[in-house]
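Working notes for the structure below.
The values are calculated or read from the model by the stated rules, or taken from the named source; none is laboratory data. Only a predicted model underlies this, so the values are computations on that prediction, with no experimental measurement involved. Neighbour counts are summed over all protein chains in view; Cβ atoms, including those assigned to glycine, are modelled from backbone coordinates with ideal geometry. We work out accessible area using only protein heavy atoms, side chains counted, and drop any ligands, DNA or RNA first. Shrake-Rupley method; radii C 1.70, N 1.55, O 1.52, S 1.80 Å.
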Amino acid sequence: MGSDDLFKKSKAERIFGRKVGTKGKPKDSFLIVCEGKKTEPLYFDSFRVKTASIKVLGLGCDPLTLVEETINLKSQGTYDQVWCVFDRDNFPEDRVREAFELAKKNRIDIAYSNESFELWYLLHFHYYNTALSRSSYEPILSNHLGYKYEKNNPQMYEILLDRQPTAIKLAEKLLSNYSYDDPIHNNPQTTVHLLVKQLNIYI
């Protein structure tokens, strides 16, 4: 990876999430609030963190409502890191943009996927840098897995764990390919790896 790639990587982490910390820091607490009710919460709840506490919620709402609800939840507790996890999907562009702006104002980090969270799963197997409709994600993922992908499979973290370093590397490569920050139109794009890297600090 060249110096230009490193610059883009650090810029991306400043935009979408905090920079990766160092192992051995005091126990931290995470609040992770997800757009989906099951797929994302099941995945993040499966991380084997030992030196941090994690509260994961799936609200089933659009990105802007998700951020608004997260602000409310954040005010009710003390958390070292607060994350919203949501997709581009087919939500109105203005509400997605407002979600990013509101999260930034309230120091909430974002793990975002365009078009859907399953892009993160796909990157465990192959580098995808051309736009895919989210309807095609599941059959492609099923092909990689060798059996039908079940969206709410609670074992996905374990199934993909050995390939996770590859997914992080490919997600960073994908993000570095965009010359400007436009998460609404940069497709495919995911920043789920930023949250994954943070959680891995505490394993």
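For segment 184-190, putting each phi into the Karplus relation 6.51 cos²θ - 1.76 cosθ + 1.60 with θ = phi - 60° gives couplings of 5, 10, 6, 9, x, 7, 8 Hz, in residue order, rounded to whole numbers and with x for Gly and Pro.
Heavy atoms only, 1.4 Å probe, whole protein assembly: order Arg88, Arg163, Arg95, Arg107 by accessible area, highest first.
Details: Arg88 35, Arg163 110, Arg95 75, Arg107 190 Å².
Sorted by accessible area, descending: Arg107, Arg163, Arg95, Arg88.
Given +1 at the Cβ of Lys and Arg, -1 at the Cβ of Asp and Glu and no other charges, the dipole of segment 19-100 around its Cα centre is 680 debye to the nearest 20. Using R0 = 30 Å, the C-beta based FRET efficiency linking Lys38 and Asn90 works out to 0.95. The accessible-area ordering, largest first, of the residues Asp62, Asp45 stands as Asp45, Asp62, per a 1.4 angstrom probe. Ellipticity at 222 nm from helices only: DSSP H runs of n ≥ 4 in the chain, each -39500 (n - 2.57), divided by the residue count, give -13000 deg cm²/dmol. Projecting the Cα positions of Pro139, Ala111, Leu160 onto the charge dipole of segment 89-203 (unit charges on Cβ atoms of Lys, Arg, Asp and Glu, taken about the Cα centre) puts Leu160 furthest along the positive direction. Computed from backbone phi, the HN-Hα couplings of segment 100-116 come to 4, 5, 5, 4, 4, 4, 10, 6, 10, 7, 10, 10, 10, 10, 10, 9, 9 Hz, rounded to whole numbers (Karplus: 6.51 cos²θ - 1.76 cosθ + 1.60, θ = phi - 60°; Gly and Pro given as x).
A 1.4 Å probe run over the protein chains yields, for the chain, 49 Å² of accessible area per residue, whole-number rounding. Residues considered: Ile159, Ile54, Ile108. Largest GNM mean-square fluctuation over the chain, using C-alpha springs under 10 Å, is found at Ile159. Rolling a 1.4 Å probe over the protein chains gives Asp80 an accessible area of about 80 Å². Close amide-amide hydrogen proximity is noted between Asp62 and no other residue 5 or more places distant or on a separate chain, at a cut-off under 5 Å (H modeled in the peptide plane; Pro and chain starts excluded).
Residues Lys27, Lys55, Lys104, ordered by accessible area of protein heavy atoms at a 1.4 angstrom probe radius and largest first, appear as Lys104, Lys27, Lys55. Its alpha carbons give segment 74-167 an Rg and a Dmax of 15.6, 44 Å.
Accessible surface of Tyr147, taken over heavy atoms with a 1.4 Å probe and every protein chain present, rounds to 110 Å².
Residue separation times 0.36 nm, minus the C-alpha to C-alpha distance between Tyr128 and Arg48: what's the value? Display every interim value, and only then the final one.
On the way: separation 80, 0.36 × 80 = 28.80 nm, distance 2.79 nm.
Length gained between Tyr128 and Arg48: 26.0 nm.
Residues whose amide H lies under 5 Å from that of Val82, counting only those 5 or more places away or on a different chain, are Leu31, Asp109; hydrogens are built 1.01 Å from N in the peptide plane. As an equivalent ellipsoid, the chain spans semi-axes of 23, 20, 19 angstrom, where each value is the square root of five times an eigenvalue of the C-alpha gyration tensor, largest first.
Scanning residues 5 or more positions from Asp87 or on other chains, those with amide H under 5 Å from its amide H are Ser113, with H placed 1.01 Å from N in the peptide plane. Taking the 1.4 Å solvent-accessible surface of segment 106-169 as the whole, the part contributed by carbon and sulfur is 47%. Think of the chain as a dipole: +1 on every Lys or Arg Cβ, -1 on every Asp or Glu Cβ, centred on the Cα centre; then among Leu199, Val96, Thr51, Thr51 lies furthest on the positive end.
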